[in-house]
Amino acid sequence: MTMKTSFAFALAGLALVVLALAPLVLPDYWTGVLLGMTGYVTLATAWALFSGPTRYVSLATVAFFGVGAYTVAVLNEVMPYPLVLLCAAGIGMTMALLVGLSTLRLAGVYFVIFTFGLAELVRQTVSWWEVNVTYTMGRYVFLPFEGRHIYWQLLVLAAVTLLISWAIGRSRIGLALKALGDDETVAAHAGVDVTRIKLLLFVISATIITLVGAIQAPRWTYIEPSIVFNPTVSFMTLIMALLGGAMRLWGPLVGAVPLFLLFEWLSVSFPDHFSIILGLLFILIVFVMPNGVLAKFDDLRKGNRA
Amino acid sequence: MLEHVVNGLVLGGTYALVAMGLTIQYGIARIMNLSFGDTIIAACFATYVLFSAFSISPLLALLILVPAGYGFSLVIYKVIMKPLVARAPDEGALEVDSILVTFGLLFVLQGVLLTLFGGGYNSYSFLNTPVNLLGTVVAGNRLLALVLSLLIGAVLVLTLYRTRWGMVLRAVALAPQSAPLFGIDTDRAARTAFAIGGAMAATGGVVVSMFQTFTATAGVVFTMKALIVVILGGKGSVPGAIVAGLLLGLVETFVAAYIDPGLTLAAVYTVFLLLLLVRPNGIFGKA
């Protein structure tokens, strides 16, 4: 490890400690804000892990997020919590494998379309199952967690996700990914097993997203499909990652933090027009910075104001 | 059995109708429009308002809303899509950009509808008289919907395949790079195609609102189904969209009748995936 990397690690570790101690001094409201923010940082980083290098835009974040939350809702009274999390991860992983195996061989646009509808499909299927098989609509989550407990779990997950992202960037897979992102055909000819790498990344990313949903589930107490499969989650994750730059390690984080605060403020100040503002903001982001803020900074530093 | 076939064809007819609009937008203007379903829903609400507040029949509403849909899409293209088309280095980049921008547009349209009309279910009663057809009873509005869909589909196919203007559009769809060499204004063709797509979405909305309840948030499902039909039929293929649309309507109706109404979307997805695996370029698509 070079000096620079060890320094970065020390700095990140210090930040992590400070963040972990924050709930002990902050009032509950701000712990809640930190919790939501950490959730989105993890979601955006996990999203970018797959979609950044492969350029397969996934609109299915909430499908996995919701499955995670719902698994906790169904299983929280039957087994101990760690086992529930494992189950959620397992279900998310299986689902990602199935979706990935059937769509990742196809052109990117088919994947986008499939993921676009996946959340709706999963939501309807879960609702159907609840109505016809288990005869329950809506479930309660009773776990002895306060906001800060959930926050700490999310913080660990966020750190692990960033670590995975960093490790992948330095490994052979990362190299293969760079080739794949530049030109898939060339990468395939150079001996990169394109489909397998895409599948691997998709599964890792989806599993993390499922876990975010699972860990956040106790926040709601009451859960039903229309709450946990809210498409806004996919949407916000996407904007955050794109704003920060999906190709960089810290990009999604840089995008998620300010946007989360902005959304928090918007949803309190303009609850009725939230989705309109969200949509307009999104269009604006695509227009002004197609490669994300960090790339924009680089451009500005290099002096070529394209 | 026959009843389900008729109902399936009615449903399929509307799917074919809206999918034709989307396939033209995607095939010719090269824009993957995720806000398409919300345009349909907007037309549903417009028909609803015209009918219940001004007692204008949905058939007359077509005369107002189809040009409105055309105009609306034309403006959207000029303001939002044109800059993206201009800056896109290749077709793939435009595809991603257009998906992202229309994803944003989806939320804007949906938000406007939610603010204006709320999130509840809406419907109105128009021509809800039973008609006897081939021994089964069908609601008059459904039958009218089917006739309208087929009529409009036929007009569109004839225009595309029998007029010079249609030939220009098809040329752009087939070879966007070579078309300008023959003096075709591709930008104008794309603009027109996108606007026609919008007009078709408006038509679809009017037709759908005659026999179905709709909510402000139902746009996603319409977009999804239209997209599936477009892909099954082959990108840019109008006859493909008609066949695939009818097929999808039949599948849905039969699944709803014999298995469970709650599983129609799952069934549609299964058909989509299976066909993609067997024929990745659609029923009528070229490899």
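The values are calculated or read from the model by the stated rules, or taken from the named source; none is laboratory data. Because the structure is predicted, anything quoted here is derived from the model rather than measured. Glycine gets a Cβ as well: all are built from the backbone with ideal geometry, and neighbour counts include every protein chain shown. The protein model used for the area step is the full one, side chains on, heavy atoms only, and it has no ligands, DNA or RNA in it. Shrake-Rupley method; radii C 1.70, N 1.55, O 1.52, S 1.80 Å.
Brief remarks on what is shown
- Within a Gaussian network of chain B (alpha carbon springs, distance under 10 Å), most fluctuating of B:Asp38, B:Asp97, B:Asp260: B:Asp260
- The helix-only estimate of mean residue ellipticity at 222 nm for chain B, built from DSSP H runs of length n ≥ 4 each weighted as -39500 (n - 2.57), is -24500 deg cm²/dmol after division by the residue total.
- Residue-count net charge about B:Gly27 - beta-carbon cut-off 11 Å; Lys, Arg +1, Asp, Glu -1: +3
- Mean-position separation - Cα centroids, region A:5-70 and region B:1-72, in angstrom: 41
- Shape summary of region A:35-106, radius of gyration then Dmax from alpha carbon positions: 13.7, 41 Å.
- Chain A: DSSP helices with Cα axial extent of at least 15 Å and average Kyte-Doolittle hydropathy no lower than 0.5: A:3-25, A:28-54, A:61-75, A:81-103, A:108-129, A:147-170, A:172-182, A:194-216, A:232-244, A:251-269, A:274-288
- Summed side-chain charge close to B:Ala201 - residues other than B:Ala201 whose Cβ falls under 14 Å, Lys, Arg +1, Asp, Glu -1: 0
- Within chain B, the selection of entire DSSP H helices by a Cα span of 18 Å or greater along the long axis and an average Kyte-Doolittle value of at least -1.0 returns B:2-27, B:36-54, B:58-76, B:91-117, B:140-162, B:186-211, B:219-233, B:238-258, B:264-278.
- Once the Cβ-Cβ distance of A:Leu26 and A:Asp272 is raised to the sixth power relative to R0 = 30 Å, the FRET efficiency obtained is 0.50.
- Only Cα sites of region B:198-287 enter the Debye sum here, all with the same form factor; the resulting log10 I(q)/I(0) across q = 0.10, 0.13, 0.16, 0.26 1/Å is -0.27, -0.46, -0.69, -1.39, listed in q order.
- Interface B:A - total buried accessible surface [probe 1.4 Å, Å², rounded to 100]: 3300
- Diagonalising the gyration tensor over the Cα atoms of chain A and scaling each eigenvalue by 5 before taking the square root yields semi-axes of 29, 24, 20 Å, largest first.
- Within region B:231-249, backbone nitrogen closer than 15 Å to the virtual label 7 Å beyond the Cα of B:Val278 toward Cβ: B:232-234, B:244, B:247-248
- Counting all C-alpha pairs of region B:28-185, share separated by more than 26 Å (%): 45
- Computed from the alpha carbon positions, the gyration tensor of region A:1-139 leads to an equivalent ellipsoid with semi-axes of 32, 25, 14 Å, biggest first.
- Computed over the alpha-carbon atoms, region A:4-55 gives an Rg to Rh ratio of 1.11, Rh here being the Kirkwood radius from the mean inverse distance.
- Global geometry of region A:95-249, whether rounded, prolate or oblate, following the gyration tensor of its Cα atoms and the 1.5 cut on a/c: oblate
- For region A:157-190 versus region B:177-195, the inter-centroid distance based on Cα atoms is 39 Å.
- With every protein chain in place, chain A: carbon and sulfur % of accessible area (1.4 Å): 69
- Solvent-accessible surface of region A:3-302, taken per residue with a 1.4 Å probe and all protein chains present: 45 Å².
- For chain B, the spread of Cα positions along the three principal axes, ordered from largest to smallest, is 55, 44, 34 Å.
- For region A:114-159, the equivalent ellipsoid derived from the Cα gyration tensor has semi-axes of 29, 19, 6 Å, listed largest first.
- Over all orientations, the protein assembly as shown has a Cα convex hull whose mean projected area works out to 29.3 square nanometres.
- Extension gain for the segment A:Ser226 to A:Tyr81, taken as residue separation times 0.36 nm less the Cα-Cα distance, is 49.8 nm to one decimal.
- Pairwise label distance in nanometres, B:Ile259 with B:Thr129, each label 7 Å out on the Cα-Cβ vector: 3.8
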